[in-house]
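Accompanying notes for the structure given below.
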Amino acid sequence: MKTIHSVPVLRVRTVIPFVLLTFGLSWGIIALYVLAPEMMNPTFGKISGVHPLFFIAIYSPSIAAIALVAGRTGTPIQRPARRSWRSIRSS
């Protein structure tokens, strides 16, 4: 990653997936309730401030960030495998 005066620079290709995931999670849930209430209300119930889908929509930036970081760095189980794969590729 390039740095300017020791501050990492974010590239557009790292920000676009975050914005798309955040937008998709938050507005996707709301759009389903607006466009298909006859399907969503019986299935999930009326949306309110204590509804689980409300919390998913509100915390979508955090969910997207965690998902992208986990995807980039891997889970603790995947990390040793990635290290061993890099050592095999470099030799």
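Coordinate-derived values only; no laboratory data. Keep in mind the model is a prediction, meaning the values are calculated, not measured. Positions of Cβ are backbone-derived with ideal geometry, glycine not excepted, and every protein chain shown enters the neighbour counts.
The table below lists the values:
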read-out	value
Number of the condition not met by SER26 [criteria: (1) touching a Pro at 6+ places or on another chain (Cβ under 9 Å); (2) on the phi > 0 side of the Ramachandran plot]	(2)
Selection count, segment 34-67, where residues are assigned to a helix (DSSP H, G or I), over 20 Å from VAL15 (Cβ atoms) and of a type in the set (Val, Ile, Thr)	4
